[in-house]
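Structure record follows, encoded as structure tokens.
The values are calculated or read from the model by the stated rules, or taken from the named source; none is laboratory data. Remember, it's a predicted structure, so these values are computed and weren't measured experimentally. Here Cβ is always computed from backbone atoms with ideal geometry, including for glycine, and neighbour counts include all displayed protein chains.
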Amino acid sequence: MNNKKLKLSVLATAITLALTACDGDDGATGAVGPQGAQGPQGEPATVSDTVKAVKEDPSVNNPNAGKLTRLATVPTGAEVTGIFLTDEGDLFFNAQHPSDANVETDSLNNVAYNTGTVGVLAGVNFNDLPETLIESPVPSSEMERQTVISAYGQYQVLGQTGDTYDGMLAKGLGHIYAINNPDELLLENDMPDFNGYVSMGEGKGYLFTNWEMYPGGMSRLMVEKDAMGYWSVTDAEMIDFSAVNGTAANCFGSVTPWNTPLTSEEWIVSSKVDTTQSASWNNPEVVNDAGQILGNMWALTAPAAPNPYDYGYIVEIKDAVGETPMPVKHFTLGRYEHENATVMPDGKTVYLSQDDTGGVLFKFVADTAEDLSAGTLYGAKLTQDAGQNDPATTGFGVSWIELAHGDNATIEGWIDEFDGIGTDQYVDGETSYMTVADVEAWATGAATYPTVENGGGKVTAGQPMDDRVAFLESRQAARQLGATAEWRKLEGISINTKRAQEAVEGVDTIAGEDVEAAYLYLAIADIDKTLIDGEGDVQLSSRVKDCGGVYRAMLNENYDISRIEPVVMGSTYRSSLDGAARCDVDQLSQPDNVIVMDDGRIIIGEDGFQENNTLWLYEPVAK
């Protein structure tokens, strides 16, 4: 993209913006009996925290409570990704992998939305929206279907896949190159995901964007806003991840309380119930399948053989606003399909989601505030409400199972033992990598790792037992110790830092409101498979199936959580007249990520199978 496409302040004087709008409903909670005495840990809760809060909360009288409002829609084929709201009220979000058949353009950007697009709703302060809202329509014309339509502000494109910004980024936005052959383009990435904004003063800062593919990447754009609220890009680069052997499928993320972006490596880990890392990692038939996931990862580090345990972590971008940002992989936070890691205001407690079938909700507690290099990893054990299975009303008690304490340096030493395993070492029926038998031995307190004959991996066979499985095969380790490994597509995790601080620490941060309770929100793209199979800790009905929903947990002392409850779910899963399965276009369809506004309302982005996915605003009954 040329800079002329970004210097849009020239157009700003010709554009006026309107503000007003709201609607949608939170589902009945059902009858609630009197609260009984506190039972032992793990017993199902009998009274909903949310229901109790509603009885005491004057917002119950708010006519907008429980309403969904359509803020915007993205072009045909695209997901809503990267929603991020700044302290100044700027709302960034992306159109991930829109249809390459889109040809329509809008008056502001004059570009077709047919590749990965990063942008912002310009000219509006989302921290100052009215209580009653207008909403964007369900797209009907080709113009509406193929562009971004919004109720507030105008969507301004800040970049699209391959943009060079008049030579500032010669290799192209989102493009991924080999580490040892920097002129070898591995892929043109149309998958922008997380956005994180780090302010450099009023109206300017760095916008960090994940690019979710194999291999993955992250861009950093210096952006500045003019007096009319329109943006220009003044510098552009792709973060250099070569020092950490590259990244894989950079998915969602967050910005820490100390203003460093966290980027999540997803997909790369095999976490099925009966497996750990697939033995096919160094299978020459799979590796040599050009253009495929594993082939691309091998091409990233070629001629050196990649180590699978180098990938699948949370990566912190230190010195985020410096001349050379420094990526650091935090092995301490575990290895699995990371969707999101969110650090609480204490700088120590981190909640982490695993985007998989049969995934785990994790928690990490650092030894030292603002330092994620050492600490303890936990997995959540859920206890479903007795006598309930409807997703819209069923909550879960939460207890925490400690996996292990670790530090980056020690774990990295374990990882290095798997370096240099080439395709020439592949033996059908054996593996050099860790196995379920290895994890089982650790979980049962065995003194040594099992031999190859007893199902162990070749690298660790017969070695003295250590805690590497907790950090390298975290999902299987959590499952073996009794954590609930049944989440299906557990997506973004979010808090509002100001509300959390006021509720938990008593810090007066929200003007005009006495915040007595704050929540951790969790999006779940669908309620299917392991959640509805009638087995294990979670046995929900399939009533809303692929439509998904949003859960939340009240933040308690020390930012702990002990209960998760539904907030808003998609509609009943239904069939249309043509026989295809549908979620109601006026309700949620596979929410991907969620952010919490200062006033307690939440913004939800869809990753669904609607023709045009939606960016929603929802007003919880109790905030």
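A few comments on the model shown:
- Restricting the stretch 78-97 to residues that are assigned to a loop (DSSP other than H, G, I, E, B), in contact (Cβ under 8 Å) with a residue 40 or more places away in the chain and not polar (S, T, N, Q), the residue that is nearest to Trp231 (Cα to Cα) is Asp90.
- Test result for Asp526, acidic (Asp, Glu), in contact with a Pro (Cβ under 8 Å, 6 or more places away or on another chain), crowded, with 18+ Cβ neighbours inside 10 Å and at pLDDT below 95: no
- Count of residues meeting criterion [within 27 Å of the chain's Cα centre (by Cα) and of a type outside the set (Phe, Trp, Tyr)] in the stretch 284-313: 15
- In the stretch 274-297, the qualifying residues are those that are among the β-branched types (Val, Ile, Thr) and modelled with pLDDT under 75, and the one that is nearest to Gly334 (Cα to Cα) is Thr276.
- Only residues that are of a type in the set (A, V, I, L, M, F, W, C) and surrounded by fewer than 19 Cβ atoms within 10 Å (Cβ to Cβ) were counted across the stretch 177-186, and they come to 2.
- Flag for Gly579 being modelled with pLDDT under 95, part of a loop (DSSP other than H, G, I, E, B) and on the phi > 0 side of the Ramachandran plot: yes
- Unmet criterion (only one of (1) surrounded by 14 or more Cβ atoms within 10 Å (Cβ to Cβ); (2) out of contact with any strand residue (DSSP E or B) (no Cβ under 9 Å at 6 or more places or on another chain); (3) at negative phi) for Gly455: (3)
- Residue match in the stretch 547-568 (condition: farther than 30 Å from Thr349 by Cα, touching a residue at least 12 places away in the same chain (Cβ under 8 Å) and either surrounded by fewer than 24 Cβ atoms within 10 Å (Cβ to Cβ) or out of contact with any Phe, Trp or Tyr (no Cβ under 8 Å at 6 or more places or on another chain) (or both)): no
- 3 or more residues among the small types (Gly, Ala, Ser) and either on the phi < 0 side of the Ramachandran plot or buried (at least 23 other Cβ atoms within 10 Å of the Cβ) (or both): qualifying strands (runs of 3 or more DSSP E) within the stretch 307-424: 371-384, 396-407
- Qualifying strands (runs of 3 or more DSSP E) (wholly inside the stretch 114-232; at least 3 residues being under 26 Å from the mean Cα position of the chain (by Cα) and of a type in the set (A, V, I, L, M, F, W, C)): 117-122, 204-211, 217-225
- A residue that is outside any loop (DSSP other than H, G, I, E, B), of a type outside the set (Val, Ile, Thr), out of contact with any Leu (no Cβ under 7 Å at 6 or more places or on another chain) and closer than 24 Å to His97 by Cα cannot be found anywhere in the stretch 550-565.
- Filtering the stretch 87-105 to residues that are surrounded by fewer than 19 Cβ atoms within 10 Å (Cβ to Cβ) and either among the acidic types (Asp, Glu) or closer than 13 Å to Val74 by Cβ (or both) leaves Asp87, Glu88, Ser99, Asp100, Glu104.
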